[in-house]
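**Q** Below: one structure in structure tokens.
The values are calculated or read from the model by the stated rules, or taken from the named source; none is laboratory data. Since the structure is predicted, the reported quantities are computational estimates derived from the model, not experimental observations. Here the Cβ positions follow ideal geometry from the backbone for every residue, glycine too, while neighbour counts run over all protein chains shown.
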Amino acid sequence: MKIYLISILLIGLLLASEKNVTLSGYVLDASSGESLIGANIYSDELRIGTSTNSYGFYSLSLPVKKDIRMVFSYVGYKPQVKKLFLTKNLKLNIKLSPQPISTEAIVVTARREDENIERKQLSVMDVPVRMVKQLPAILGETDVLKVIQLLPGVQSGSEGTTGFYVRGGNADQNLVLLDEAVVYNPNHLFGLLSTFNSRAINNVTMIKGGFPAQYGGRLSSILNISMKEGNNKTYHVNGGLGLITSKLTVEGPILTDKASFIISARRTYFDLLLKAMPSLSSTKYSFYDLNAKINYKLSDNDRFFLSFFSGRDNAAYIDANSLNYDFKFGNSTGTLRWNHLFSEKLFSNTSLIYNTYLMNLKTNQGNFYSEFYSQIKDFNAKTDFEYFPNPAHTIKFGVQYTQHTITPSGTSGNVKTDSLATKVNITNIQKKRAAEGSIYINDAINVSRAIGLNLGLRFPVFKINQTSYSGIEPRATLKYTLSPVSSVKAAYTVMHQYLHLVPSSTASFPTDIWLPSSKTVKPQRSQQYALGYFRNFEKNMYETSIEAYYKTMQNQVAFKEGTHLLEQTDIDQQLVFGKGWSYGIEMLVKKRSGRYNGWISYTLSWTNQQFPELNFGKVFPFKYDKRHDFKAVGIFNLNKKWFFSADFVFASGNVVTLPEGRVNVYEGGDLYNGVFDVYTGRNNYRLGNYHRLDVTATYKYASSFFNKNYNGEFVLSIYNVYSHLNPYFIYVDVDGVTHKPYAKQVSLLPIIPSISFNFRF
């Protein structure tokens, strides 16, 4: 391993010894002053280029030349061509102007045309926020996580929900970051909507494999979301009215061209509608989310960002003759960041981050009461550096430290009242405090025109009480260019995970409890191998790729069968541990430009698990093992006022556990309706195939209101157009007359039309 690290440093130092001049700066939106993430800077003559980082900064070392043509471009913006005289280092900030959508050329990528061929990373997809806003929405709510589910290798969970599962991993194996802060549960409305307001989002990147060394702590994927910074030139107000929510965003300058703010809020109408309906007065539900951000340019070399997010769901049902529940969950995050330029070649970002997550469920039926409580508080400090020696490579290195405070608990038992008063004494819950730190180095290297390497090494450390864990995580990706339009890439990655989400089977509906690694609970570990072939056609208008992967996962966590949590229970003793493995092939065909664009993907995969104490020690399929997963997405621009979009999904059904037979209870009786179920295997049946078509039509116009110009749009969406009743779950019951068992399917979402109105002043 030491040789591996020394090799990275030696190659970097060797390439850094070349003498060049450096072109650096920021690429900005000319209308708002916001940084453009992933903007492309490229020289056709030299075939040298780069892209801006997560803060809009770029640095490119070029040979001394008195006349060089540089192209600056970004999706949805007019490209700029600059002729430069590079005889010394030059700082150049570029402001690109938004370009109205053209019916002749609609580009859906922010990278240069052959970026998918030349990029030294595998299993990475950028999701343009514009596309998120154009695709069909459930209940009129555009949703970034719904778009993520349409990517190859990403599978959805239950019908209509925003949960996603990547290459055989569980939900907790996805690291979801919002302005670098961890979001532990990115859901609203019990998973039907995500907690991310698309109006507050600037950039979305999904990584499924070949992970760069700066990321760690999860096994399956990284979803990196950046919030908008706010317009530093003029004030704007935009909002929307939908069937279930209203949205409002305000942004503008604090100091013109120097400091700006953005505040974006969303709230549901559900609680107001339920109050107006006497038949549903026992049900209460509401959710909200709030995003806010301030940025300040102190100097050409220093920028500060302060961002905040809060989202919360509150649900309750009160009825003396039924099941009662009170459910609260949500996230809050705060991030303070400082960008500093030490030189044209060295960029740094230092962040202080605070985030919390809370889940509290109380249920009551008759004299039986139960409560689940799970809370996480994190304090995180990190510093990252990016060094740009020359066009051949970029070196990234940094250090991170996180202090976790985790409070998992539950209680159940008989009570003498139907009150939902709290029975768990929060002060008595044993808090688990843990520290997690890491250092890393990553180098993206072009060894030659054809060969590119992305080499990384991460060293994480985790400590709780007197127990500590550490590991070495090598990361390597090799890119070999076969021709100007094709390349082959291979990747190997090791990841560790120290926090675990353990599904609970004791509540009336699904709840999850987060646990840290401990003396009993070992860290999860994965190894992933991936190989891909990439090919473009028709002057890069069409992208195609095929990727194969194999992933192993050790120390998977689950509760023992029949576990009931008690307030003082040592939860670690109620767990069982096993392993999992997943393998498959992902295929993608994508059209990048023209009046019609979109993609088609197909995934063929297998995911299995084995726990010595579950299923008699036999191998069983993972709950979200889906053999086939086909997706088609299309966007059609008729003209400047009308555009249409649609998506179609077909997937194998989820697996479920159903009884193989039944045995009559001695002398009858009411227990279990007179019979016992006989189970012979875990996840032994598969639900019916899942398929669904969604469509959206959008009409845009410009008008005025009280002498103020504004842009408006009406959006009509239809979810599940042909109203196919997809299986949500199946249960087995007994006919009261014949006493014969039968299985019944429960479906959740039929056809759902919705309309919304959006405006921007």
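**Q** Criterion first (farther than 27 Å from ASN709 by Cβ and either among the aromatic types (Phe, Trp, Tyr) or in contact (Cβ under 8 Å) with a residue 12 or more places away in the chain (or both)) does ILE225 satisfy it?
**A** Numbers: farther than 27 Å from ASN709 by Cβ: yes; either among the aromatic types (Phe, Trp, Tyr) or in contact (Cβ under 8 Å) with a residue 12 or more places away in the chain (or both): yes.
Considered against the rule, which asks whether it is farther than 27 Å from ASN709 by Cβ and either among the aromatic types (Phe, Trp, Tyr) or in contact (Cβ under 8 Å) with a residue 12 or more places away in the chain (or both), ILE225 comes out as yes.
**Q** While we're here: Let me spell it out: the conditions are (1) touching a helix residue (DSSP H, G or I) at 6+ places or on another chain (Cβ under 9 Å); (2) modelled with pLDDT of 90 or more; (3) charged (D, E, K, R); (4) more than 28 Å from PRO152 (Cα to Cα), and LYS560 meets all of them except one. Which number is the exception?
**A** (2)
**Q** Can you tell me how many residues within the range 694-748 are touching a residue at least 40 places away in the same chain (Cβ under 8 Å) and of a type in the set (A, V, I, L, M)?
**A** Number of matching residues: 9.
**Q** Show the residue pairs that are 6+ apart or on different chains and have beta-carbon atoms under 8 Å apart, the first residue being within the range 88-99 and in the same structural domain as ILE68 (by TED's automatic domain parsing), the second being among the basic types (Lys, Arg) and outside any strand (DSSP E or B).
**A** LEU96/LYS78; SER97/LYS78; PRO98/LYS78; GLN99/LYS78
**Q** Starting from residues that are crowded, with 21+ Cβ neighbours inside 10 Å and not polar (S, T, N, Q), keep the ones in the range 58-74 and report whichever is nearest to the chain's Cα centre (by Cα).
**A** Quick first cut of the range 58-74, residues crowded, with 21+ Cβ neighbours inside 10 Å only: 58-61, 70, 72-74.
Retained after the next criterion (residues that are not polar (S, T, N, Q)): 58, 60, 70, 72, 74.
Working: TYR58: 25, LEU60: 30, MET70: 34, PHE72: 29, TYR74: 23 Å.
Checked the range 58-74; the qualifying residue nearest to the chain's Cα centre (by Cα) is TYR74.
**Q** Just to be sure, is ILE751 of a type in the set (A, V, I, L, M, F, W, C), farther than 19 Å from ASN238 by Cβ, in contact with a strand residue (DSSP E or B) (Cβ under 7 Å, 6 or more places away or on another chain) and buried (at least 17 other Cβ atoms within 10 Å of the Cβ)? Steps first, answer last, please.
**A** Values: of a type in the set (A, V, I, L, M, F, W, C): yes; farther than 19 Å from ASN238 by Cβ: yes; in contact with a strand residue (DSSP E or B) (Cβ under 7 Å, 6 or more places away or on another chain): yes; buried (at least 17 other Cβ atoms within 10 Å of the Cβ): no.
In short, no.
**Q** Return the total of residues in the range 160-205 being among the aliphatic types (A, V, I, L, M), modelled with pLDDT under 85 and surrounded by 22 or more Cβ atoms within 10 Å (Cβ to Cβ).
**A** Of the residues in the range 160-205, 2 are among the aliphatic types (A, V, I, L, M), modelled with pLDDT under 85 and surrounded by 22 or more Cβ atoms within 10 Å (Cβ to Cβ).
**Q** I've got another one for you. Among (1) at pLDDT 85 or above; (2) among the polar types (S, T, N, Q); (3) more than 28 Å from the chain's Cα centre (by Cα), where does SER221 come up short?
**A** Unmet for SER221, out of (1) at pLDDT 85 or above; (2) among the polar types (S, T, N, Q); (3) more than 28 Å from the chain's Cα centre (by Cα): (3).
**Q** Could you grab me the full set of residues in the range 689-712 that are modelled with pLDDT of 85 or more and not in a strand (DSSP E or B)?
**A** Within the range 689-712, just ASN689 meets the criteria.
**Q** Within the range 194-213, work out how many residues are out of contact with any Phe, Trp or Tyr (no Cβ under 8 Å at 6 or more places or on another chain) and assigned to a strand (DSSP E or B).
**A** Looking only at that region, the number is 7.
**Q** Take LYS88 and tell me if it is over 30 Å from ALA491 (Cβ atoms), surrounded by fewer than 18 Cβ atoms within 10 Å (Cβ to Cβ), at pLDDT 85 or above and of a type outside the set (Phe, Trp, Tyr). Spell out how you get there, then give the answer.
**A** Working: over 30 Å from ALA491 (Cβ atoms): yes; surrounded by fewer than 18 Cβ atoms within 10 Å (Cβ to Cβ): yes; at pLDDT 85 or above: no; of a type outside the set (Phe, Trp, Tyr): yes.
No; evaluated as a whole, the condition is false for this residue.
**Q** Inspect all residues belonging to the range 333-340 and state whether any of them is at pLDDT 90 or above, in contact with a Phe, Trp or Tyr (Cβ under 7 Å, 6 or more places away or on another chain), among the small types (Gly, Ala, Ser) and surrounded by fewer than 18 Cβ atoms within 10 Å (Cβ to Cβ).
**A** yes
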